[in-house]
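This report refers to the structure that appears directly beneath it.
The values are calculated or read from the model by the stated rules, or taken from the named source; none is laboratory data. Small disclaimer: the values here were computed from a predicted structure and weren't measured. Virtual Cβ from ideal backbone geometry, glycine too; neighbours counted across all protein chains shown.
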Amino acid sequence: MNDTPVLRPLGRSALRVSPLAFGGNVFGWTADETTSFALLDAFVEAGFNFIDTADAYSRFVPGNVGGESETILGRWFAARGPAMRARVVLATKVGLEMGPGDIGLSAQYIRRAVDRSLQRLQTDYIDLYQAHRDDPSVPLEETAVAFDALVKAGKVRVLGASNFSADRLAAALEVSAKLGLARYESLQPHYNLVVRSEFESQLAALCAREQIGVIPYFALASGFLTGKYRSAEDVGKSVRGARMAALLDARGLRILAALDAIAANHETTQACVAIAWLLARGVTAPIASATSVAQLQQILPGATLSLSQEEVAALNAASATPA
């Protein structure tokens, strides 16, 4: 990649991140340790610095117990040395089930989980520690106090939320402000050209008003926006095929056609255009994954691709949902 990504602030925090984050859900799942190291090296060498993972990655894979992604990242940091750790903005999450009694956002569990993540990651601090999802069973005050204590202890630099509704995120921000505690500075929502309404209906305005950084996951809709799923035959070649089949409706085909035209105009990939659209919509850093360095190279230019107003409008129209 020729252009060096510009670093931008994450919410109101001092963290400055590249306009694309690497999704570490693939580490220990569809990318083994050797491949993961190669992906991480290539990502950082291209000028990017933002890596997102979670303690629960990849507990969803048969035979895994959770922590696989963090463990691989920790080994990579150990192999590359302190300078690499200082260079990377490391994000992880807490809250999904990791075993009996190990779930949620209670103060007791947060304290236990962060130490386990630090051990697996082979570091003494996490740059961005995120609530993986809302936990209505725990008072917001309890969670806020527990997270604030981690910031004060130096174990965590900045806090973030993932998969929160607008009402619950607003309530959490209000609690933190009232008690004078560190607040959520980022939101990780499900947002892309295919899935728009959940974020755009209320969350987008809240994040803009409160200066919350937005780091959407599934930026490429699990691969659909790369353009590789266009027929029943394509769908049958992938473990994600069943999900892709549902997207091959009239709207999905319109989105692909718009991506094809704009990608051809810029001599780039559909994935790059999908990422550039998110950045044009004002997000901080989309999260995208790859399972090979070749795949990664097809994604990275999206972070510096500039779309015209007409191209953004065309993608908006193609991905609009019926009223």
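Annotations
- Breaking point among (1) of a type outside the set (Ser, Thr, Tyr); (2) out of contact with any helix residue (DSSP H, G or I) (no Cβ under 6 Å at 6 or more places or on another chain); (3) part of a helix (DSSP H, G or I), for Lys237: (3)
- Test result for Val273, under 24 Å from the mean Cα position of the chain (by Cα), surrounded by 20 or more Cβ atoms within 10 Å (Cβ to Cβ) and more than 25 Å from Arg209 (Cα to Cα): yes
- The residues of segment 270-299 that are more than 26 Å from Ala204 (Cβ to Cβ) and either in contact (Cβ under 8 Å) with a residue 24 or more places away in the chain or hydroxyl-bearing (Ser, Thr, Tyr) (or both), listed by number, are Ala290, Thr291, Ser292, Val293, Leu296, Gln297, Gln298.
- Cross-chain or 6+ apart pairs with Cβ under 8 Å, segment 101-116 first and closer than 20 Å to Asn163 by Cβ and of a type in the set (Val, Ile, Thr), then modelled with pLDDT of 95 or more and assigned to a helix (DSSP H, G or I): Ile103/Tyr109; Ile110/Thr143; Ile110/Ala146; Ile110/Phe147; Ile110/Leu150; Val114/Leu150
- Any hit, segment 222-229, residues being among the charged types (D, E, K, R), within 29 Å of Phe164 (Cβ to Cβ), more than 15 Å from the chain's Cα centre (by Cα) and assigned to a loop (DSSP other than H, G, I, E, B): no
- Leu247 surrounded by 17 or more Cβ atoms within 10 Å (Cβ to Cβ) and either within 19 Å of the chain's Cα centre (by Cα) or of a type in the set (Lys, Arg) (or both): no
- Filter result (within 15 Å of the chain's Cα centre (by Cα) and part of a loop (DSSP other than H, G, I, E, B)) within segment 283-323: Val283, Thr284, Ala285, Pro286, Ser289, Ala290
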